[in-house]
Amino acid sequence: MSRILLVDDDMELTDLLREFLSAEGFDVTVANDGGVGLQLAQEESFDALVLDVMLPVHTGFDVLRKLREENGPSRHLPILMLTAKGDTVDRIVGLEMGADDYLPKPCDPRELAARLRAVLRRGQTEVVEESSATLSSGPLRLVPDEHQGYWQDQPLSLTGAEFSVLQVLMEHAGDVVSKETLTKQALGRRLMPYDRSIDVHVSNIRKKLSEQGASRDLIINIRGAGYKLTKGNLA
């Protein structure tokens, strides 16, 4: 049974979500402020975290930042942010800070369960692929058994979603991969209207690669078509 940490100060909502998710086979722990949520995420083992943006004590962004800055297991904990409906700024900021996905509030419990299953399937796929061969394109290398990327043997600090997006692009190096395909294969769900998740994940990957000396043109955007990992910039 997958352990889920749900952090939201809306007690009526958390009761509803916990009841629904428990009936769907999840083991749900609830925290109603960011301080308790952060402590639980740091001290206990969870398979995923559902995190509201607006929280007392520590905001959801504070919790997200602290977890992503750590060197322990919580650094790679899959995190889904709950954002105000229509607030695209919070969604983009959360993704830029390392969230794996987001849902607008009030969220449909069925959609939340589907997103959690997608995140968990991705993690299970990564475990299954631990014995698979390393993906290499010039100085860029992905090692599935370490869940780690490297540029010129320097480690890249990738989130789970970023690793999956880069893996799909490397598997199709030199070819254009549509955002629909990236969303389905890397995030495990369908592309939604006005969905910027892939754009932000690719932007984060570019930034982390450029910090190690890679060209920002390593991954290019083909307008209206998708993204391509360019072999010519891998030398």
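Just a few scattered comments:
- Every condition in (1) under 27 Å from residue 148 (Cβ atoms); (2) assigned to a helix (DSSP H, G or I); (3) modelled with pLDDT of 95 or more is met by residue 92 except one, and the failing one is (3).
- Given (1) touching a residue at least 24 places away in the same chain (Cβ under 8 Å); (2) within 19 Å of residue 106 (Cα to Cα), number of the condition residue 11 does not satisfy: (1)
- Residues that are aliphatic (A, V, I, L, M) and in contact with a Ser or Thr (Cβ under 8 Å, 6 or more places away or on another chain) within region 48-68 comprise 48, 53, 67, listed in sequence order.
- Just so you know, in region 218-235 the residues that are in a helix (DSSP H, G or I) and at pLDDT below 90 include one that is surrounded by the most Cβ atoms within 10 Å (Cβ to Cβ), and it is 233.
- As a summary of the residue check, residue 130 satisfies the conditions (1) over 16 Å from the mean Cα position of the chain (by Cα); (2) under 20 Å from residue 99 (Cα atoms); (3) modelled with pLDDT under 90 except for the one numbered (2).
- For first residues located in region 36-54 and part of a helix (DSSP H, G or I), partners that are among the polar types (S, T, N, Q) and lie 6+ apart or on another chain with Cβ distances below 6 Å form the pairs 41/74; 42/74.
The values are calculated or read from the model by the stated rules, or taken from the named source; none is laboratory data. For clarity, every value in this text was computed on a predicted model and none was experimentally measured. Counting neighbours? That spans all protein chains shown, and the Cβs are built from the backbone with ideal geometry, glycine included.
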